[in-house]
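Student: Before anything else, here's the structure in question.
The values are calculated or read from the model by the stated rules, or taken from the named source; none is laboratory data. In this text, all values refer to a predicted model and were calculated from it rather than measured experimentally. Positions of Cβ are generated from backbone atoms using ideal geometry, with glycine treated the same way; all protein chains shown enter the neighbour counts.
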Amino acid sequence: MPNTPRRTLLLTGASRGIGHATVKRFSSAGWRVITCSRHPFPEECPWEAGPEDHIQVDLADPHNTSVGIAEIKRRLEHGHLHALVNNAAISPKADGGSRLGSIETTLDVWSQVFRVNFFAPVMLARGLIEELKAAKGSVVNVTSIAGSRVHPFAGAAYATSKAALASLTREMAHDFGALGIRVNAIAPGEIDTAILSPGTEKIVAQIPLHRLGTPDEVAKIIYVLCTETSSYVNGAEIHINGGQHV
């Protein structure tokens, strides 16, 4: 509709994998996509609107995150934010890329992981609550299959941060729902991205669909959760894992 304002998505962790597929999915539907990460916008990226709609912010630094929120608010048209997708996450590994367990993980690593994976999502949602409220917007938190059971590759700090984010999603759905803001989560399983660990093929053999998921398959569900198709879905965590848990 000519008089309908262009919908806007704020996405963290957009440079690769699920995040990059999400940029393409929303952009193709006519959304404006604002991205933020601790890196500047890569010049080689083919996304034309990228440099103007990218904000450099270190989500591991609460102060810098607050500064980033102020910049995001400044850039939003008419003070409306239709969707916030908290996709950015870090998953530290032990030497050789092996799983970093709860015994070996230092307190500094625990703290850094939770700042990015858990505290940044709630800071962004709280900081942009008026803009989300104005648009009757939607928040999607990206959790993980590792948040509900021990995973052979995902470390203890990553897994527990994702479990905490799943719990936070329910709390936010309750609190933000009264403002007309829906909050849901997606929990991807083994998705074909650059961060897959060696040995993933052994897990794939146990998945009923006998294949990896694709980033676009995840992005499609994120898109649905941010549109009117899911207008009565609130507080859900959708598992996208090919039946890995059955």
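Student: Looking only at helices (runs of 4 or more DSSP H) that lie completely in the range 156-240, which have at least 3 residues being surrounded by 14 or more Cβ atoms within 10 Å (Cβ to Cβ) and in contact with a Phe, Trp or Tyr (Cβ under 6 Å, 6 or more places away or on another chain)?
Tutor: Once the helices (runs of 4 or more DSSP H) in the range 156-240 are filtered for at least 3 residues that are surrounded by 14 or more Cβ atoms within 10 Å (Cβ to Cβ) and in contact with a Phe, Trp or Tyr (Cβ under 6 Å, 6 or more places away or on another chain), what remains is 156-177.
Student: Does LEU84 meet the test of being of a type outside the set (Gly, Ala, Ser) and surrounded by 15 or more Cβ atoms within 10 Å (Cβ to Cβ)?
Tutor: The answer is yes for LEU84.
Student: Same structure, new question: What residue, among those in the range 14-38 that are at pLDDT below 90 and part of a loop (DSSP other than H, G, I, E, B), is surrounded by the fewest Cβ atoms within 10 Å (Cβ to Cβ)?
Tutor: Result: ARG16.
Student: Of PHE118, PHE41, which residue is surrounded by 13 or more Cβ atoms within 10 Å (Cβ to Cβ) and either closer than 27 Å to LEU179 by Cα or modelled with pLDDT of 90 or more (or both)?
Tutor: PHE118 is the lone residue from the list that is surrounded by 13 or more Cβ atoms within 10 Å (Cβ to Cβ) and either closer than 27 Å to LEU179 by Cα or modelled with pLDDT of 90 or more (or both).
Student: Another question, then. Among the residues of the range 217-246, how many are among the aliphatic types (A, V, I, L, M) and free of Cβ contacts under 8 Å to residues at least 40 places away in the same chain?
Tutor: Of the residues in that region, 3 qualify.
Student: Let me ask something else. Among the residues that make up the range 155-171, is at least one of them basic (Lys, Arg), modelled with pLDDT of 90 or more and closer than 25 Å to HIS20 by Cβ?
Tutor: yes
Student: Return the residues of the range 132-155 that are more than 22 Å from GLN112 (Cβ to Cβ) and buried (at least 22 other Cβ atoms within 10 Å of the Cβ); say none if nothing qualifies.
Tutor: Correct list: LEU132, GLY137, SER138, VAL139, VAL140.
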